[in-house]
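Novice: My structure is below; once you've seen it, I'll send some questions.
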Ligand SMILES: *Cc1c(COP(=O)(O)O)cnc(C)c1O
């Protein structure tokens, strides 16, 4: 994050980027602006340009920004980063959605905490579609095995699936993995022990700045866009 807060004039490019993105994608696809590493001012500018969904990957960074943005009461906050169990309570307090639920143990813990706090967080289950030592998530087989237990967590509103692809794939390879997530979503919905709300379309959170057009082709309902909205050549991405 820049140590000197940029003036709002410096951030006017953000509105243009959002307008371009919105012109390019179907209106049914929800843009989640991923603001990790960017300031509360960046988020406020994206809000003024019409976005309401924001994603952060670290609890501490999010907590500081949310405090500065408390007046934006109609924002929906998504946690998109790996959640350590000792931060689960804070996550339920701060975020409306937890998109990165990557194990049954974490889901069960979140359910207990949500009950205590009298909250019902919206949940995406994070799936790892290709081996990647740096990524967390269920394999498709593990997830299908866990459905009966996941269906017994009344304080979580499980909405769908999220995935992050390994870096460096060709568009063709990316398309094939995104289609795998779509297929897994279809299998979930067809399962007699589907843990998701059947009244609502299943959420597929997939696609980032580098691959969102491919993800949309494969059926993404939410795309998570950071750099294409916020980054400039002078952005400091060190945090
Ligand atoms: C950082 C991040 C994004 C956004 O990536 P960009 O390439 O900046 O669009 C999306 N999803 C997750 C999980 C991330 O950590």
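The values are calculated or read from the model by the stated rules, or taken from the named source; none is laboratory data. Since we're looking at a predicted model, the values are computed, not measured. All Cβ positions, glycine included, derive from the backbone under ideal geometry; neighbour counts span all protein chains shown.
Novice: When the stretch 104-115 is examined, which residues are found to be within 12 Å of residue 88 (Cα to Cα) and over 18 Å from the mean Cα position of the chain (by Cα)? Full working, then the answer.
Specialist: The initial filter retains those residues of the stretch 104-115 that are within 12 Å of residue 88 (Cα to Cα), namely 105-114.
Across the stretch 104-115, the qualifying residues are 105, 108, 109, 111, 112, 113, 114.
Novice: Considering each of 158, 216, 229 in turn, give the residue that is within 17 Å of the chain's Cα centre (by Cα), away from the ligand (no atom under 12 Å from the Cβ), in a helix (DSSP H, G or I) and at pLDDT 95 or above. Let's see the steps before the verdict.
Specialist: On the way: 158 fails: in a helix (DSSP H, G or I); 229 fails: away from the ligand (no atom under 12 Å from the Cβ).
From the options 158, 216, 229, the qualifying one is 216.
Novice: Can you name every residue in the stretch 25-57 that is over 15 Å from residue 223 (Cα atoms) and out of contact with any strand residue (DSSP E or B) (no Cβ under 9 Å at 6 or more places or on another chain)?
Specialist: 37, 38, 39, 40, 41, 44, 45, 48, 49, 50
Novice: Quick one: in the stretch 108-124, which of the residues that are under 15 Å from residue 84 (Cα atoms) and touching a helix residue (DSSP H, G or I) at 6+ places or on another chain (Cβ under 6 Å) is nearest to the ligand (Cβ to nearest atom)?
Specialist: Taking the candidates together, the pick is 110.
Here's the yes/no breakdown for (1) farther than 29 Å from residue 213 by Cα; (2) at pLDDT below 95:
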{"site": "1", "(1), (2)": "no, yes"}
{"site": "5", "(1), (2)": "yes, yes"}
{"site": "22", "(1), (2)": "no, no"}
{"site": "56", "(1), (2)": "no, no"}
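Novice: Being within 14 Å of the ligand (Cβ to nearest atom), crowded, with 20+ Cβ neighbours inside 10 Å and in a loop (DSSP other than H, G, I, E, B), is that true of even one residue in the stretch 92-101? Steps first, please.
Specialist: First pass over the stretch 92-101, keeping only residues within 14 Å of the ligand (Cβ to nearest atom): 95, 97-101.
Remaining after also requiring crowded, with 20+ Cβ neighbours inside 10 Å: 95, 97-101.
Cutting the leftovers down to in a loop (DSSP other than H, G, I, E, B) gives us 95.
The answer is yes; a qualifying residue exists.
Novice: Given 104, 72, 79, 66, which one is away from the ligand (no atom under 16 Å from the Cβ), touching a helix residue (DSSP H, G or I) at 6+ places or on another chain (Cβ under 8 Å) and closer than 15 Å to residue 37 by Cα?
Specialist: Values: 104 fails: closer than 15 Å to residue 37 by Cα; 72 fails: closer than 15 Å to residue 37 by Cα; 79 fails: away from the ligand (no atom under 16 Å from the Cβ).
Answer to the check: 66.
Novice: Output the residue which, of all residues in the stretch 138-151 that are touching a residue at least 24 places away in the same chain (Cβ under 8 Å) and outside any helix (DSSP H, G or I), is nearest to residue 106 (Cα to Cα). Spell out the reasoning first.
Specialist: We begin by selecting, within the stretch 138-151, every residue touching a residue at least 24 places away in the same chain (Cβ under 8 Å); these are 138, 140, 143-144, 146-151.
Filter once more, so that each one left must be outside any helix (DSSP H, G or I): 138, 151.
Numbers: 138: 12, 151: 14 Å.
By that ranking, first place goes to 138.
Novice: Return yes or no: is residue 113 in contact (Cβ under 8 Å) with a residue 24 or more places away in the chain, out of contact with any strand residue (DSSP E or B) (no Cβ under 8 Å at 6 or more places or on another chain), over 30 Å from residue 186 (Cβ atoms) and surrounded by 18 or more Cβ atoms within 10 Å (Cβ to Cβ)?
Specialist: Values: in contact (Cβ under 8 Å) with a residue 24 or more places away in the chain: yes; out of contact with any strand residue (DSSP E or B) (no Cβ under 8 Å at 6 or more places or on another chain): yes; over 30 Å from residue 186 (Cβ atoms): yes; surrounded by 18 or more Cβ atoms within 10 Å (Cβ to Cβ): yes.
Yes, satisfied.
Novice: Now a separate question. Among the residues of the stretch 188-213, write down those that are away from the ligand (no atom under 13 Å from the Cβ), surrounded by 14 or more Cβ atoms within 10 Å (Cβ to Cβ) and not in a loop (DSSP other than H, G, I, E, B).
Specialist: 188, 203, 204
Novice: Something else now. Against the condition part of a loop (DSSP other than H, G, I, E, B), surrounded by 14 or more Cβ atoms within 10 Å (Cβ to Cβ) and within 15 Å of the ligand (Cβ to nearest atom), how does residue 55 come out, does it pass? Reasoning before the result, please.
Specialist: Details: part of a loop (DSSP other than H, G, I, E, B): no; surrounded by 14 or more Cβ atoms within 10 Å (Cβ to Cβ): yes; within 15 Å of the ligand (Cβ to nearest atom): yes.
Answer is no for this residue.
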